[in-house]
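Here is the structure we will look at, set down as structure tokens.
The values are calculated or read from the model by the stated rules, or taken from the named source; none is laboratory data. These numbers were taken from a predicted model, which means no experiment stands behind them. For neighbour counting, all protein chains shown are included, and Cβ atoms are generated from backbone atoms with ideal geometry for every residue, glycine included. For accessibility, only protein heavy atoms count, side chains too; no ligands or nucleic acids. Shrake-Rupley method; radii C 1.70, N 1.55, O 1.52, S 1.80 Å.
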Amino acid sequence: MKLRQTVGIVLGLTVGVTLGLASAQTAQASQKYTVVSEKWPTQRPTYRAKYPNKKVTMWNKKHTKRHGYLTDRPNTTFSRASTVVLKHGQTKAVYYYLVAGGTKAHPKATAGYVWRGYVTQGLALDRLKSRYVPMGWFTNNRDYQDYLKLSPTQGITRAIAKALPNMKLTYDLTNIAAYEFGQKLGNEDPALPMVKKSVLKPNKYQHVTYFPKVTEYLATSNAVSTTKRVKKVKQILANDYGYTAAKLGKLRHYEIGLNIEENVKGKPSIDNGPNAEKFYAFAIGQRVD
């Protein structure tokens, strides 16, 4: 009799626990993602996959339908169209609505909501290897340096920077130079560097010198060999600005700001034509921080 009672109690507990777990799973499964808030900014900052090899899902807003995976386009730069806070049960999380246009490999545009921990702000290889990226698209020095190394049009930038001793080409000073030279362009000019005044760090520099005669020469010589252009730039610096090789060699803690946009189409008939898209900005300055 006692054995039957014991078995009955055990069976009762087992059934109770099983029903409880089933109930909890059903309740969890029935919990939906709800939108707490969503903001659609006028500016669209760029992002790339933080873990290119991780299969990260891009969801619809209700988190019920997959729109694809970040791994489908691991080297793609996405723009953040909105920021949304989603609630699931008692948990809130921030998601980004990311968008990328179509390409030859991926004819259709890609868009979906992704948890922000799976992406990082900046540019992916599709942009870093492109012929031109507006200066205002960069958000950090690393991306800008990678672009200078990988872009097929930036050989002249690297060569000029290499010709100036004891100086390094930096994102911060290039922003300042691009903003300064960009003031001469109209708002609708396709060559506008798109640098905002709010990102500039003028307090980090002193003795900033701009070289408009150098940029004027560069603008008319993009069909000339890099070796000849660098030689001419050094001549202009010496003859028109007094920056001889000896003087440049004595400068300390100076940096270079250099932004060059040319040959963006990869077709000489267009890139050397009257309507070619070009932009040049060049400065040096002493860093004080």
note = ARG252 neighbourhood, Cβ < 13 Å, K/R = +1, D/E = -1, net charge +3
Cα extents of segment 190-289 along the three principal axes, largest first (Å) = 44, 35, 17
request  = Restrict the search to segment 225-289; then list the trypsin sites (Lys or Arg not before Pro) that DSSP places in a loop and that have at most 10 other Cβ atoms within 10 Å of their Cβ.
outcome  = ARG252
key: Dipole in debye (nearest 20) - the chain, about Cα centre, beta carbon charges: Lys, Arg +1; Asp, Glu -1   = 920 debye
inquiry  = I'd like to know which of TYR179, LEU192, LEU258 lies farthest towards the positive end of the charge dipole of segment 144-264, counting +1 on Cβ of Lys and Arg and -1 on Cβ of Asp and Glu.
reply    = LEU258
11 Å beta-carbon shell around ARG116, net charge (K/R +1, D/E -1) = +2
ask   = Hey, what angle do you get for helix 171-182 against the long axis of the chain, alpha-carbon based, 0 to 90 degrees rounded to 10?
value = 60 degrees
task = Could you pull the Rg and Dmax for the chain, using just the Cα atoms, both in Å?
result = 27.9, 112
key: segment 139-208: chymotrypsin sites (Phe, Trp or Tyr not before Pro) in DSSP loop, at most 10 other beta carbons within 10 Å   = none
remark   = Rounded to a whole %, the carbon-and-sulfur portion of the accessible area of the chain at a 1.4 Å probe is 53 percent
note = For the chain, longest principal axis from Cα atoms; helix 141-150 axis from its Cα atoms; angle between them, nearest 10 degrees, is 70 degrees
key: Within straight-line cross-link reach of LYS213, lysines at Cα separation under 20 Å, skipping those fewer than 8 residues along the same chain   = LYS162, LYS184, LYS228, LYS231, LYS232, LYS234, LYS247, LYS278
inquiry  = So with the 1.4 Å probe, I'd like the accessible area per residue for the chain, rounded to whole Å².
reply    = 58 Å²
DSSP-loop GluC sites (Glu not before Pro) across segment 146-225, with at most 16 other Cβ within 10 angstrom = GLU188
remark   = Counting Lys and Arg as +1 and Asp and Glu as -1 over every other residue whose Cβ sits under 12 Å from the Cβ of TYR179, the net charge comes to +2
query = Which of the lysines could a cross-linker bridge to LYS32, judged by Cα under 16 Å and excluding same-chain residues fewer than eight apart?
reply = LYS61, LYS62, LYS65, LYS87, LYS92
